[in-house]
Amino acid sequence: MSKFLQVFLVVLVACLTSSLVQCKIQIYKFNVMMTNTTRLCETKPIVTVNGLFPGPTLFVKEGDTVLIKVVNQIQSNMTIHWHGIRQIRTGWSDGPAFITQCPIQPGQSYVYNFTITEQRGTLWWHAHIGWMRSTVHGAVVIVPKQGVPYPFPTPDKEIEIILGEWWKSDVEEMIENALKIGIGPDISDSYTINGLTGPVSSCSSPQEGFNWVVENGKKYMLRIVNAALNEELFFKIANHKLTIVEVDATYVKPFQTETIFITPGQTMNAILDADLGTGNYLMAASPFMEEVHVPIDNRTATATLQYSGTNPSEPIKLTDIPAQNDTSVATSFVDSLKSLNSQEYPARVPLNIDHSLLFTIGFGINPCANCVTGSELLANFNNISFIKPEISLLNAHFFNISGVFSDDFPGNPLNPYDYTGTSQPRNLRTMQGTRLYRLAYNSTVQLVLQDTGMISPENHPIHLHGFNFFVVGKGLGNYNPDNDPNNFNLVDPVERNTIGVPTGGWVAIRFRADNPGVWFMHCHLEVHTTWGLEMAFVVDNGKGPKESILPPPQDLPTC
Ligand SMILES: *[C@@H]1O[C@H](CO)[C@@H](O)[C@H](O)[C@H]1NC(C)=O
Ligand SMILES: *[C@@H]1O[C@H](CO)[C@@H](O)[C@H](O)[C@H]1NC(C)=O
Ligand SMILES: *[C@@H]1O[C@H](CO)[C@@H](O)[C@H](O)[C@H]1NC(C)=O
Ligand SMILES: *[C@@H]1O[C@H](CO)[C@@H](O)[C@H](O)[C@H]1NC(C)=O
Ligand SMILES: *[C@@H]1O[C@H](CO)[C@@H](O)[C@H](O)[C@H]1NC(C)=O
Ligand SMILES: *[C@@H]1O[C@H](CO)[C@@H](O)[C@H](O)[C@H]1NC(C)=O
Ligand SMILES: *[C@@H]1O[C@H](CO)[C@@H](O)[C@H](O)[C@H]1NC(C)=O
Ligand SMILES: *[C@@H]1O[C@H](CO)[C@@H](O)[C@H](O)[C@H]1NC(C)=O
């Protein structure tokens with residue numbers, strides 16, 4: 001009998017003999033498989049978990065240990081990342097391919113094993129290899145410990161709203177071809193709301209969008225995930241306001257908004273009062289992109305909020321959709337986010353900083369012998385485009401295997417310049433390497449992420465694995481180390497795991513390196529990750545076992 005089965009049986013007995021809600025171990029099985037799926041009038045096989053798109057929701061409780069057995073039944077390699085889960089000492093279960101594990105190869109399986117520590121709210125899971133996450137993703141719902149209420153009126157019902165992006169073509173083939181040629185990838189053919197694009201009347205059998213039936217007088221909590229690969233999105237519901245109460249599984253000071261702004265990788269909880277009695281109302285997801293030169297999918301995905309008892313054929317009440325370059329809507333949303341910072345949920349912002357870092361975000365064009373165009377697009381932090389190693393960095397770190405990475409990632413740009421000025425350095429090449437930045441256990445970091453005009457300024461959603469960080473400041477233009485810190489919010493800055501660096505601007509984040517291991521940081525626009533807008537921190541063990549990474553599980557995949 002496999003160890004997984006043994007644990008499963010023990011947990012089953014324990015849970016049946018006590019009350020189900022008291023189970024401390026949650027067990028899931030994820031079969032990664034091919035599933036024929038029809039969207040935009042065309043059927044194609046896609047990679048799914050358990051045949052579902054979006055995939056199954058994980059329902060867990062703060063403090064639970066979660067065991068997910070991932071069985072790879074497809075012909076490609078697979079890994080799953082539990083986005084935003086802190087993975088204290090359990091980096092082996094974080095998921096990014098070649099960072100914390102080798103891929104789960106066809107026909108193999110791996111049990112992800114982690115404990116939810118001091119987190120509650122909405123997060124999500126997704127494939128972390130190639131562009132597989134386009135169809136391999138789902139929500140993670142973490143409810144507070146038993147008997148602990150939300151710090152806001154309890155909603156009557158909850159629903160997951162997962163925003164995504166759909167390509168008619170095979171996504172893996174599409175990106176491989178783009179890389180071979182040395183050009184950008186195709187834009188998507190549609191956005192999706194809970195896997196559906198919205199009605200397509202031109203199909204021989206018309207396809208409907210997602211229809212959400214609500215009851216008048218009830219309060220709902222929407223658990224919203226942006227699982228799109230490459231686009232930041234606006235989301236709104238006609239005639240209804242949303243009250244934001246949580247982002248990236250941390251509570252925020254509630255505020256009301258008509259439109260939410262959410263980057264790939266981010267999650268949030270919003271309360272909706274269904275108090276309009278009757279009617280059908282449009283739900284819309286549309287892209288945000290300030291740079292008119294960057295090609296994007298400019299379509300809008302639609303769904304319907306329908307009051308129970310309303311005739312489905314009653315005309316849908318529409319809403320205006322923010323222009324794709326409406327920076328003011330995006331900025332005012334982002335500026336409204338503040339940590340709840342209550343007695344129960346204090347904002348523990350690091351005040352004394354051990355490492356003061358500044359990473360630029362830029363692009364480069366390097367010669368490429370194997371590319372059809374003779375050159376390739378690359379993206380970088382501090383002018384270093386990341387090269388994925390052939391074995392996992394965490395393995396190399398844990399077993400002291402030399403030659404896999406170096407720990408000399410520069411904490412500041414080697415050649416400072418006017419990052420956002422009109423005259424950019426003309427040499428657009430970039431260095432490449434597998435270089436990490438080393439941190440002692442419990443040291444504190446301030447990291448300024450500085451966008452540049454190198455090729456094109458853009459809003460970059462940067463995601464850090466293994467930690468939450470506080471967003472203490474942001475601004476346009478170049479970060480000024482003399483003046484800008486005077487305006488930092490060190491009291492109630494929002495705490496999250498993914499932050500949009502403003503187009504042609506900067507953000508400053510702070511975190512405490514209290515989680516030993518190797519932790520990936522990258523742009524959550526998949527196209528930029530592919531081009532190397534990635535790096536990793538290596539955090540050494542502290543004193544004793546409680547501050548040290550656990551040994552690798554026996555079934556950890558090998559390369
Ligand atoms: C998908 O559909 C094709 C064509 O009908 C069929 O050959 C194939 O077996 C199906 N694949 C799966 C995984 O169901
Ligand atoms: C999960 O990890 C814990 C250590 O954190 C270990 O004690 C336990 O045996 C693991 N469970 C399985 C099923 O591997
Ligand atoms: C959307 O983009 C296409 C080209 O990709 C363009 O032809 C069209 O005018 C755009 N639509 C809007 C509303 O901007
Ligand atoms: C958005 O783009 C349109 C058309 O390109 C332009 O007319 C408008 O001024 C832009 N708006 C903002 C806020 O930049
Ligand atoms: C790796 O090196 C560290 C520090 O030198 C040592 O404490 C540790 O035991 C080594 N680990 C292995 C697996 O050899
Ligand atoms: C980045 O590195 C490349 C390769 O070494 C070099 O040619 C280029 O000048 C550097 N750019 C900057 C802005 O430092
Ligand atoms: C980490 O550092 C902080 C501040 O210096 C200190 O209060 C705390 O006890 C340290 N934690 C550990 C686990 O060493
Ligand atoms: C899966 O990953 C392994 C280890 O890196 C590699 O050797 C193998 O070629 C990959 N298999 C596929 C089907 O991509």
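Residue under question is residue 391, and the condition is that it be within 16 Å of ligand 8 (Cβ to nearest atom) and in a loop (DSSP other than H, G, I, E, B); does it hold?
Yes, satisfied.
Quick check on segment 177-185. Is at least one of its residues under 25 Å from residue 76 (Cβ atoms) and without any contact (Cβ under 8 Å) to a residue 40 or more places away in the chain?
yes
Out of segment 341-394, which residues are under 21 Å from residue 442 (Cα atoms) and among the small types (Gly, Ala, Ser)?
Selection gives 347, 356.
Collect the residues in segment 258-286 that are among the hydrophobic types (A, V, I, L, M, F, W, C) and outside any strand (DSSP E or B), keeping them in residue-number order.
Scanning segment 258-286 gives a single hit, 276.
Test residue 493 against the stated conditions and say whether it is away from ligand 1 (no atom under 16 Å from the Cβ), in contact (Cβ under 8 Å) with a residue 24 or more places away in the chain and under 15 Å from residue 363 (Cα atoms).
When the stated conditions are applied, residue 493 does not pass them.
Tell me which residues, restricted to segment 101-124, are farther than 30 Å from residue 269 by Cα and part of a strand (DSSP E or B).
101, 104, 109, 110
Restrict the check to segment 375-389 and report whether at least one residue is under 25 Å from the mean Cα position of the chain (by Cα), surrounded by fewer than 18 Cβ atoms within 10 Å (Cβ to Cβ), more than 12 Å from ligand 6 (Cβ to nearest atom) and on the phi > 0 side of the Ramachandran plot.
No: zero hits.
Here is a check on your reading of the model: is residue 141 in a strand (DSSP E or B) and over 30 Å from residue 542 (Cα atoms)?
yes
For segment 269-282, enumerate the residues that are touching a residue at least 60 places away in the same chain (Cβ under 8 Å) and out of contact with any Lys or Arg (no Cβ under 8 Å at 6 or more places or on another chain).
276, 277, 278
Looking at 459, 415, 478 in this structure, which one is within 16 Å of ligand 4 (Cβ to nearest atom) and either surrounded by fewer than 15 Cβ atoms within 10 Å (Cβ to Cβ) or not assigned by TED's automatic domain parsing to the domain that holds residue 264 (or both)?
Being within 16 Å of ligand 4 (Cβ to nearest atom) and either surrounded by fewer than 15 Cβ atoms within 10 Å (Cβ to Cβ) or not assigned by TED's automatic domain parsing to the domain that holds residue 264 (or both) holds for just one of 459, 415, 478, which is 459.
Filter segment 287-341 down to the residues that are closer than 28 Å to residue 501 by Cβ and assigned to a strand (DSSP E or B), then identify the one that is farthest from ligand 4 (Cβ to nearest atom).
Among them, the one singled out is 339.
What's the number of the only condition in (1) touching a residue at least 40 places away in the same chain (Cβ under 8 Å); (2) away from ligand 5 (no atom under 16 Å from the Cβ) that residue 89 fails to meet?
(2)
Touching a Pro at 6+ places or on another chain (Cβ under 6 Å), within 30 Å of residue 370 (Cα to Cα) and at pLDDT 95 or above: is that true of residue 175 in this structure?
Here the answer is yes, as residue 175 does meet what is asked.
Of the residues 134, 93, only one is of a type in the set (S, T, N, Q), crowded, with 20+ Cβ neighbours inside 10 Å and away from ligand 2 (no atom under 16 Å from the Cβ); which?
Sole residue among the options that is of a type in the set (S, T, N, Q), crowded, with 20+ Cβ neighbours inside 10 Å and away from ligand 2 (no atom under 16 Å from the Cβ): 134.
Mind checking whether some residue in segment 324-346 is surrounded by 17 or more Cβ atoms within 10 Å (Cβ to Cβ), within 16 Å of ligand 2 (Cβ to nearest atom) and more than 20 Å from residue 238 (Cα to Cα)?
No: segment 324-346 contains no residue that is surrounded by 17 or more Cβ atoms within 10 Å (Cβ to Cβ), within 16 Å of ligand 2 (Cβ to nearest atom) and more than 20 Å from residue 238 (Cα to Cα).
Take the residues in segment 444-456 that are of a type outside the set (A, V, I, L, M, F, W, C) and farther than 20 Å from residue 532 by Cβ; name whichever of them is surrounded by the fewest Cβ atoms within 10 Å (Cβ to Cβ).
Within segment 444-456, the match that is surrounded by the fewest Cβ atoms within 10 Å (Cβ to Cβ) is 444.
Any residue at all in segment 539-553 that's touching a residue at least 60 places away in the same chain (Cβ under 8 Å), crowded, with 24+ Cβ neighbours inside 10 Å and not acidic (Asp, Glu)?
Yes: segment 539-553 contains one or more residues that are touching a residue at least 60 places away in the same chain (Cβ under 8 Å), crowded, with 24+ Cβ neighbours inside 10 Å and not acidic (Asp, Glu).
Among the numbered conditions (1) more than 16 Å from ligand 8 (Cβ to nearest atom); (2) polar (S, T, N, Q); (3) touching a residue at least 60 places away in the same chain (Cβ under 8 Å), tell me where residue 311 comes up short.
Failing condition for residue 311: (3).
If residue 476 satisfies every condition in (1) within 21 Å of the chain's Cα centre (by Cα); (2) at pLDDT 95 or above but one, which is the exception?
(1) is the only condition that residue 476 fails.
Name the single residue that is farthest from residue 188 (Cα to Cα) among those in segment 513-559 being charged (D, E, K, R) and outside any strand (DSSP E or B).
Only one residue tops the list, namely 543.
Checking residue 161 against (1) at pLDDT 95 or above; (2) out of contact with any strand residue (DSSP E or B) (no Cβ under 7 Å at 6 or more places or on another chain); (3) aliphatic (A, V, I, L, M): exactly one of these is not met. Which one?
Here residue 161 meets the rest and fails (2).
With respect to residue 298, determine if the residue is free of Cβ contacts under 8 Å to residues at least 60 places away in the same chain and in contact with an Asp or Glu (Cβ under 6 Å, 6 or more places away or on another chain).
For residue 298, the condition - free of Cβ contacts under 8 Å to residues at least 60 places away in the same chain and in contact with an Asp or Glu (Cβ under 6 Å, 6 or more places away or on another chain) - is not met.
Given the criteria among the basic types (Lys, Arg) and touching an Asp or Glu at 6+ places or on another chain (Cβ under 9 Å), does residue 496 qualify?
The answer is yes for residue 496.
Considering 464, 490, which residue is more than 23 Å from residue 125 (Cα to Cα), at pLDDT 95 or above and more than 16 Å from ligand 8 (Cβ to nearest atom)?
Just one listed residue meets the conditions, 490.
Being modelled with pLDDT of 95 or more and either in a loop (DSSP other than H, G, I, E, B) or under 22 Å from the mean Cα position of the chain (by Cα) (or both) narrows it down to one of 366, 352, so name that one.
Result: 352 is the single residue among 366, 352 that is modelled with pLDDT of 95 or more and either in a loop (DSSP other than H, G, I, E, B) or under 22 Å from the mean Cα position of the chain (by Cα) (or both).
Check 295, 287 and return the single one that is buried (at least 20 other Cβ atoms within 10 Å of the Cβ), outside the structural domain of residue 55 (by TED's automatic domain parsing), more than 25 Å from residue 144 (Cα to Cα) and not charged (D, E, K, R).
The match here is 287.
Please list, ordered by first then second residue, the pairs with beta carbon atoms under 7 Å, 6 or more apart or interchain, first in segment 424-435 and within 16 Å of ligand 8 (Cβ to nearest atom), second assigned to a strand (DSSP E or B) and at pLDDT 95 or above.
434/386
The values are calculated or read from the model by the stated rules, or taken from the named source; none is laboratory data. Because the structure is predicted, anything quoted here is derived from the model rather than measured. Every residue, glycine as well, gets a Cβ built from its backbone with ideal geometry; the counts of neighbours run over all protein chains shown.
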